[in-house]
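The values are calculated or read from the model by the stated rules, or taken from the named source; none is laboratory data. Just so you know, these numbers come straight off a predicted model, no measurement behind them. Virtual Cβ from ideal backbone geometry, glycine too; neighbours counted across all protein chains shown. Surface areas here come from the heavy atoms of the whole protein model, side chains and all, with no ligands, DNA or RNA. Shrake-Rupley method; radii C 1.70, N 1.55, O 1.52, S 1.80 Å.
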Amino acid sequence: MVFRSLLGISWMWFFGAVFLSQFPSFAKDVLHGNEQVASLLLVVFSIGIGTGSLLCEMLSRRHVEIGLVPLGAIGMTVFAVDLYSASRGLPPTAALTLVQFVSAPAHWRVMADLALLSLFAGLYSVPMYALIQLRAQPTHRARIIAANNILNALFMIASALVAGVLLKAGATIPQVFLLVGLANAVVAFYIFLLVPEYLLRFVAWVASRIVYRFRVRGDQHIPVEGAAVIVCNHVSFVDAVLLMAASPRPIYFVMDHRIFRLPVLGALFKLAKAIPIAPQKEEAATYEAAFERAAKVLRDGDLLAIFPEGAITKDGRLQPFKGGIMKVLERAKAEGVEPPVIPMALTDLWGSYFSRVEQGNAMVRPFRRGVFNRVGLNVGEAVPAAAVQPEALRARVAQLLAD
């Protein structure tokens, strides 16, 4: 994932270099401004980058929130296209001074597009840089950063060549901006196919910040490295999405095989490489394969999440825990891994659109509880693998629910 993310960062340098290199000509030939206008565009662009970078801190909530990367990519394309629309067809005039330029209402749209384009570029680039430093092995971090700098330089050179070829072929500067903006959408889509975690985190970020008002308590108990098993109550079809939003690391979920048949959620969980499980009496092969894949996740030092109730609650109450957690830990122990178990409890989610509040059905009456419902996640202290028992674990989750 680290090396594939380098492509995204280098593309951002390509994207930005195209705009920065064309600002003098853009100010003079398209906006009909003098050198002061070109300087103003650079200032607006720089302020936008800085604002986007600071906004990352506010939106990330102390985590490396790579879900902001797709948001940044969308904004970069939207405002690059709108910049083309705002700047084409401006009537020719004598060279405008700075005061004359800012006095024209049409130019404010151009400046707004530049500011928002660069703001979203900040949202796009900062999480990628942070992710590379977070995920790279300490022994390789310096050489990865050096390789990234080399790639950035090559992409900046390529940007000058591409822009020169387009202009020589007869394209106008606004058309160059348009083509680069559309290419950004293609490149971003390709990167998200290579690294689906960006898209998954974006969906989780939207769900936890926009669909719900999501609050996490005790997130310091989620380990930042090493294998661990997460157990949580099962209240709705989006429980896994909210857990993804709470964790700074990817989580692999063991989930009922029937959920993969749902049109949107099924595709999302397949993208997340969730592990389907079925009752042993129904599909013995799927049942055994699930525990084998779960053991591999823990052997690789990753986070595994299961819902020990075995199904979404139909009455909002915490159901008895089944013995699957014990089998997961036994398989892991046989592989030489004894991961801690992290109890969690989702609160205030029952009765929302994605829960089965209406006679066992879900996703009816979407505004039953209004919009922006407040929901939460309480995370408890880790339980050593040797001390885990289903009933005791259920009691811990019940206590977290009560809290």
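General observations
- Candidate lysines - alpha carbon under 28 Å from K273, same-chain residues fewer than 8 apart omitted: K281, K296, K314, K322, K327, K333
- Assigned charges on the beta-carbon of Lys, Arg, Asp, Glu; the chain dipole about Cα centre (debye): 380 debye
- A straight chain from M326 to E381 at 0.36 nm per residue would run longer than the Cα-Cα distance by 17.9 nm.
- Per residue solvent-accessible surface (Å²) - segment 1-141, probe of 1.4 Å: 45 Å²
- Only one residue of P92, H107, H140 has its Cα farthest out toward the positive end of the dipole of segment 1-155, where Lys and Arg carry +1 and Asp and Glu -1 on Cβ, and that residue is H140.
- Estimated FRET transfer efficiency (I145, V206; beta-carbon r; R0 35 Å; 0.05): 0.70
- Separation between Cα centres of segment 10-80 and segment 127-192, rounded to whole Å: 13 Å
- Spatial extent of segment 100-156: Rg and Dmax, with the Cα atoms as the point set, Å: 17.7, 55
- Linear extension gain, R217 paired with T93, 0.36 nm per residue minus alpha-carbon span: 38.7 nm
- Within straight-line reach of K168, meaning a Cα separation under 28 Å, sit the following lysines at least 8 residues removed in sequence or on another chain: K28.
- Heavy-atom accessible surface of the chain: percent carbon and sulfur, 1.4 Å: 63 percent
- Among A385, V357, A398 the positive-end extreme of the charge dipole of segment 355-403 (Cβ point charges): V357
- Rounded tilt (10° steps) of 105-135 against the dominant C-alpha axis of the chain: 40 degrees
- Helical contribution to [θ] at 222 nm, DSSP H n ≥ 4, -39,500 (n - 2.57), averaged over the chain, rounded to 500: -19000 deg cm²/dmol
- Label-to-label distance, D300 versus A169, with points set 7 angstrom from Cα along the beta-carbon direction: 4.0 nm.
- Along each principal axis, taking the top coordinate minus the bottom one, the Cα set of the chain gives 80, 50, 35 Å in descending order.
- In this structure, Q133 and K270 have a Cβ-Cβ separation that, at R0 = 41 Å, corresponds to a calculated FRET efficiency of about 0.85.
- Solvent exposure of segment 198-241, expressed per residue, is 37 Å² of accessible area, with all protein chains present and a 1.4 angstrom probe.
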